[in-house]
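Here is the structure we will look at, set down as structure tokens.
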Amino acid sequence: MSNTNQLLIEKYIEGKLSAEEQTKFELRLVSDAAFAKEVNEAKDLLIAMHAFGRSELKKELQGIANAAPLPSPVFSVIRDEEAKGSEGQNPRLGRSYWRIVSIAAAIVLICTAGWFFIRKETSPETLFISYFEPYPNVAAPIVRNGAVKKPLEQALLMYEQQNYVAAIDQLLAIAQKKPTEVVSFYLAMSYLSNGNAPEAIKRFEALKNHVSASYQKQALWYLALAFLADKQVDKCKSVLKQLMKEDNFYQKKATKLFKQL
Amino acid sequence: MHKEIIENIRSGKREALVNLYKQYRVDFIKWAIKNFYCSPQEAEDAYQDTTIAFYENIMKNKVQELSCSPKTYLFAIGKNILLSWAKKKSNQTADIEHIKDVEDDELIAFEKIALSEQQSNILAAIKALGEPCQTILKLYYYDRLSIRKIVEKLGYKSENVVKVQKNRCMKRLKSGIEETGLKEDLR
């Protein structure tokens, strides 16, 4: 394939030829069999290249995902039972027919198994997922200027990037030397975000009694969520009650969650 | 801010894409699980495809300027991908929370590539190429970076060096394809 042809073909495939060039190109395509063959080969080549590039990018993204696991096990539970609704719908039947059937089915379900739905709505896993947000990094805002970072900055950068395993390691190392409240709080947060609720519970409980108590309310809220993730609903409720008593940032959320439990 | 992200991605800064991918990953997966009843693995997979579609559309210059935030755009693509996934599973009806959609269908499309036999042969030949050919061809044909950008990214001396190298790679690839083709014929 000559170079000029190649460029021309690439432009054609990407739709970047001018109208005049396009007409010329298409005329040649029908009249010149060798040229047509060349165009086809180039097309195959570009498609294969595209598939290659895409699979490489996919691998890269998978690698990132594997390095930062989701806060399990809470993620693995939700709602797949709920998805098992109606079976094998027949597409030939009209939509309205199915709408009526589904409404009827829904009514039957609600009447006969209402309790079942209510129970599912409030399953601790689902609630945890809808309420949990990792606490933002406010302790060491990340400045991206390439300067050498202090250990805590490094740790919180990993935390921000959801690389919780690395963040935990780093925070544990810092805590050995200087177990400040900030370090303990983000350590507990990292455990919870990484799906280790029992460890998080231990650490949040210690924090809520901490002397300076600057993270007290946060610790209470996330302690409640950690209990939720650990399916200890009663303990979750009693922590929420504490939050509901007085005016604070989490009061509304706590009240709402409490009602759903 | 939005403009900058898009510009950075388009100019070949991989970390701009990677940061975006990391930033919305958990949100997306939660959202997908809640609204499409998929498993975390399926949601993760859909998010990767979403990011790929997002990236490809930017690199193809389909997206000049975003009228919405990258997040909205990302979720619009994701919704499209998850809807067709749900359709395939067919016996599910998903109730999707309302998000502001991107108007243009083409902008949220993501087509799986089905390779013909010949195209699979070519793919095998690309994989057998090794470096630096794989990277150069990928950057040129998939990432659609200009020769100048490739020079910057890979630290070559000049555009000419890259051009020569790229032509060499294409030649090697073509003979590679012929070889695999011959092997196929002999079978």
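Structure summary
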item	result
Residue list for the range A:12-68, restricted to those being over 24 Å from B:Ala46 (Cα atoms) and in contact (Cβ under 8 Å) with a residue 24 or more places away in the chain	A:Tyr12, A:Ile13, A:Phe35, A:Glu38, A:Val39, A:Glu41, A:Ala42, A:Lys43, A:Leu46
Given (1) surrounded by fewer than 21 Cβ atoms within 10 Å (Cβ to Cβ); (2) facing chain A (nearest Cβ under 8 Å); (3) modelled with pLDDT of 85 or more; (4) closer than 29 Å to B:Lys149 by Cβ, number of the condition B:Pro132 does not satisfy	(2)
Residues of the range A:9-32 satisfying the condition of being in contact with a Phe, Trp or Tyr (Cβ under 7 Å, 6 or more places away or on another chain) and not hydroxyl-bearing (Ser, Thr, Tyr)	A:Leu17, A:Phe25, A:Arg28, A:Leu29
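Each row is one residue, and each column tells you yes or no for (1) surrounded by fewer than 18 Cβ atoms within 10 Å (Cβ to Cβ); (2) in contact (Cβ under 8 Å) with a residue 60 or more places away in the chain.
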| position | (1), (2) |
| --- | --- |
| A:Gln216 | yes, no |
| A:Trp221 | no, no |
| A:Lys231 | yes, yes |
| A:Cys236 | no, yes |
| A:Lys245 | yes, no |
| A:Phe249 | yes, no |
| A:Lys253 | yes, yes |
| A:Lys256 | yes, no |
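The values are calculated or read from the model by the stated rules, or taken from the named source; none is laboratory data. Fair warning: this is a prediction, and the values are worked out from it, not measured in the lab. Ideal geometry is used to build each Cβ from the backbone, glycine not excepted, and the neighbour counts take in all protein chains shown.
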